[in-house]
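Taking it in order: structure first as structure tokens, then the write-up.
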């Protein structure tokens, strides 16, 4: 996984609350068996008008936001389906960081698995950023994970919270599975204890499944 | 000893280790796998040279992409076919039990877990699917995960998790005749909002919940995620134990007695504290209908579509306006005047045998309205078989409903069952997002009884007063 330390980049604003993962990447793009190439499906229905042509008013169709690496969003971003295709598609488009007043739980977790940083800021701070992005072409922010700060060109610094463990994993680009596998002995001890206490939890699925 | 909630007990029993900041390595007892969210996880294992730690703790089934028409034919969409084949190949390579498309045990992943007795109280259960919350109906801690976490569970049988907060949703009193678990959960989401449960695990309590059947409790817990909560739970009781007994994967003999004893200890202790409490009265819950593009945009069938002009909150007004434009509804119009084109009875929310029995009892002797296209998609091959043994398929067919093979079908329209742009559907599924059932399609979430009545009348009716 790519490490996330400090990111300075252009900001693209998506001014809608409750953006669900069905909108971020519609179902027809979930048939892939790969993690890559999902940019094509990102906000597919919103990018197009009813006649199938590109909607020039949609933010990602505007040239000024093509190079953006930071997505500015509203409340409850990423709600709905658990599909990790949503962060994969955003990453494929170039987004490494998402700023919002709140995120849905599963989406929030999924971002960290892909070297992406979801940042929760106050509603008033997000509102101020929407106004700044709207007012200035090429508006950039710096997201500093170590300092847990979002810095504006005007010199304002917004602090954000993040779990220390997640922060460390993201900052160092650690492989979560590799980390867990370092504790294999503890997992085995746990299993041994549970197998004695609650043996029904360890019945084998294959040998107990009902008749086909 | 400190009084604990059902959630606290299960969580504490599954802690393998904890980091200084509270991040926990949580043990996973059971893992459900389907074709859409697993291929990249298996690929990750292969690339890293890893193998599943306990393949015998997992069960895999294709459900999202499968056709609901004749299974004897090849899948028309080559991309769907490849994804299903990939699941089958991965399960064969890694030793995971797989119920294939032509296996009677195949079905929607959240229907077959409980059906097989794979889902048991006190377990931690995960799946790369947000509706994994369904299994919480058994007093299990069950939640959806992403594909990277699917890989993590396969490789380690554990997940890194932060302890969520707890919310009690207490529902007391007797439901109105013909109102169901679906109406209860839609009313709850209407009350707490689609992000109301974010960061929480919900425990549903109270006399109304106790009176629900196991299948009703599954409907309830299923849509916890639509209220923002990754997991919803109901404490195990006599209904739970009776439902599990004799299912293929349920323990037997002395092991059964030992398990039941443990399950009876799981209920929340008197005096245990939740981080938040929400209360509802069952009598106040009318049959629910969603009017918008989010499950929280819901009202009683005796209500009206809201009027954005009367809303003071600017953001709410805009969101409502946008939803009504997408849904092509007139502000203030009665819900009962909404005309529908399609009806979908199915999904992990409402496609179990009780749902089909109830739906058939409403359809019997009546006929689907002329311009309405209605379909029934059983939740599993075994549900379908049971329904056919009871003659429910004949009732549906005589009433003008299509009777299909098991799968997720038009809940998310990944297979050929899709709404066309502009079509309006009364659906027993769980999400009414824009385009969910097909680009430009318009979804109204309702209970099975409400869906049948709408199919027959061509518009929504208040089933409390419908003959």
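The values are calculated or read from the model by the stated rules, or taken from the named source; none is laboratory data. Note that the coordinates shown come from a computational prediction; the quantities given were computed from them, not determined experimentally. All Cβ positions, glycine included, derive from the backbone under ideal geometry; neighbour counts span all protein chains shown.
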Top-ranked residue in region B:59-98 [being in contact with a strand residue (DSSP E or B) (Cβ under 9 Å, 6 or more places away or on another chain) and closer than 15 Å to residue B:415 by Cβ; ranked as nearest to the other protein chains (Cβ to nearest Cβ)]: B:87
Please pick out the residue among B:372, B:368, B:377 that is over 30 Å from residue A:46 (Cβ atoms) and more than 14 Å from chain A (Cβ to nearest Cβ). B:368
Please specify each residue of region B:201-255 satisfying the condition of being at positive phi and within 12 Å of chain A (Cβ to nearest Cβ). B:228, B:246, B:253
Is it the case that some residue within region B:2-12 is at the interface with another protein chain (Cβ under 9 Å from one of its Cβ atoms) and either surrounded by 15 or more Cβ atoms within 10 Å (Cβ to Cβ) or in contact (Cβ under 8 Å) with a residue 60 or more places away in the chain (or both)? no
Note on region B:133-161: residues within 14 Å of the chain's Cα centre (by Cα) and either modelled with pLDDT under 95 or farther than 20 Å from residue B:8 by Cβ (or both) are B:134, B:144
Just one of B:249, B:223, B:311 is buried (at least 22 other Cβ atoms within 10 Å of the Cβ) and over 29 Å from residue B:465 (Cα atoms); which is it? B:249
Number of the condition not met by residue B:188 [criteria: (1) more than 14 Å from chain A (Cβ to nearest Cβ); (2) within 28 Å of residue A:208 (Cβ to Cβ); (3) surrounded by 24 or more Cβ atoms within 10 Å (Cβ to Cβ)]: (2)
Residue tally, condition over 25 Å from residue A:74 (Cβ atoms), at the interface with chain B (Cβ under 7 Å from one of its Cβ atoms) and within 17 Å of the chain's Cα centre (by Cα), over region A:18-40: 1
Can you pull out every residue in region B:15-36 that is within 13 Å of residue B:154 (Cα to Cα) and facing chain A (nearest Cβ under 9 Å)? B:27, B:29, B:30
Single residue of region B:151-185 satisfying the filter (part of a loop (DSSP other than H, G, I, E, B) and surrounded by 18 or more Cβ atoms within 10 Å (Cβ to Cβ)) that is farthest from the other protein chains (Cβ to nearest Cβ): B:178
Looking at region A:175-188, is at least one residue surrounded by 16 or more Cβ atoms within 10 Å (Cβ to Cβ), in contact (Cβ under 8 Å) with a residue 12 or more places away in the chain, away from chain B (no Cβ under 14 Å) and more than 15 Å from the chain's Cα centre (by Cα)? no
For region A:34-60, what are the residues that are closer than 12 Å to residue A:84 by Cα and surrounded by fewer than 22 Cβ atoms within 10 Å (Cβ to Cβ)? A:34, A:35, A:36
When the residues of region A:157-174 are narrowed to those that are surrounded by fewer than 13 Cβ atoms within 10 Å (Cβ to Cβ) and assigned to a loop (DSSP other than H, G, I, E, B), which ends up farthest from the other protein chains (Cβ to nearest Cβ)? A:173
For region A:193-212, what are the residues that are within 7 Å of another protein chain (Cβ to nearest Cβ), farther than 10 Å from residue B:251 by Cβ and either part of a helix (DSSP H, G or I) or touching a residue at least 60 places away in the same chain (Cβ under 8 Å) (or both)? A:205, A:206
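So that you can scan it fast, the table gives a plain yes or no per residue for (1) under 23 Å from residue B:419 (Cα atoms); (2) within 27 Å of the chain's Cα centre (by Cα); (3) not in a loop (DSSP other than H, G, I, E, B):
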{"site": "B:302", "(1), (2), (3)": "no, yes, no"}
{"site": "B:317", "(1), (2), (3)": "no, no, yes"}
{"site": "B:322", "(1), (2), (3)": "yes, yes, yes"}
{"site": "B:343", "(1), (2), (3)": "yes, yes, yes"}
{"site": "B:347", "(1), (2), (3)": "yes, yes, no"}
{"site": "B:351", "(1), (2), (3)": "yes, yes, no"}
{"site": "B:355", "(1), (2), (3)": "yes, yes, yes"}
{"site": "B:359", "(1), (2), (3)": "yes, yes, yes"}
{"site": "B:367", "(1), (2), (3)": "yes, no, no"}
Could you give every pair whose Cβ atoms fall below 6 Å, whose first residue belongs to region A:152-170 and is under 28 Å from residue A:136 (Cβ atoms), and whose second residue is in a helix (DSSP H, G or I), counting only separations of at least 6 or pairs across chains? A:158/A:125
Can you work out which of the residues in region A:99-135 that are crowded, with 20+ Cβ neighbours inside 10 Å and in a strand (DSSP E or B) is nearest to the other protein chains (Cβ to nearest Cβ)? A:103
Could you tell me whether any residue of region B:212-228 is over 28 Å from residue A:101 (Cα atoms) and either part of a strand (DSSP E or B) or more than 21 Å from the chain's Cα centre (by Cα) (or both)? no
Selection status of residue B:383, surrounded by 19 or more Cβ atoms within 10 Å (Cβ to Cβ), within 14 Å of chain A (Cβ to nearest Cβ), in contact (Cβ under 8 Å) with a residue 60 or more places away in the chain and assigned to a helix (DSSP H, G or I): yes
I'd like to check something: does region B:402-409 contain any residue that is over 21 Å from the mean Cα position of the chain (by Cα), in a loop (DSSP other than H, G, I, E, B) and buried (at least 17 other Cβ atoms within 10 Å of the Cβ)? no
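Every residue, every condition in (1) under 19 Å from residue B:131 (Cβ atoms); (2) out of contact with any helix residue (DSSP H, G or I) (no Cβ under 6 Å at 6 or more places or on another chain); (3) free of Cβ contacts under 8 Å to residues at least 24 places away in the same chain; (4) not in a helix (DSSP H, G or I), yes or no:
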{"site": "B:36", "(1), (2), (3), (4)": "yes, yes, no, yes"}
{"site": "B:40", "(1), (2), (3), (4)": "no, no, no, no"}
{"site": "B:43", "(1), (2), (3), (4)": "no, yes, yes, no"}
{"site": "B:50", "(1), (2), (3), (4)": "no, no, no, yes"}
{"site": "B:86", "(1), (2), (3), (4)": "no, no, no, no"}
{"site": "B:90", "(1), (2), (3), (4)": "no, no, no, no"}
{"site": "B:100", "(1), (2), (3), (4)": "no, yes, no, yes"}
Does region B:123-139 contain any residue that is farther than 28 Å from residue B:70 by Cα, within 11 Å of chain A (Cβ to nearest Cβ), in contact (Cβ under 8 Å) with a residue 12 or more places away in the chain and out of contact with any strand residue (DSSP E or B) (no Cβ under 9 Å at 6 or more places or on another chain)? no
Would you check which residues across region B:99-122 are buried (at least 20 other Cβ atoms within 10 Å of the Cβ) and within 10 Å of chain A (Cβ to nearest Cβ) and list them? B:99, B:105, B:106, B:112, B:115, B:116, B:117, B:118, B:120, B:122
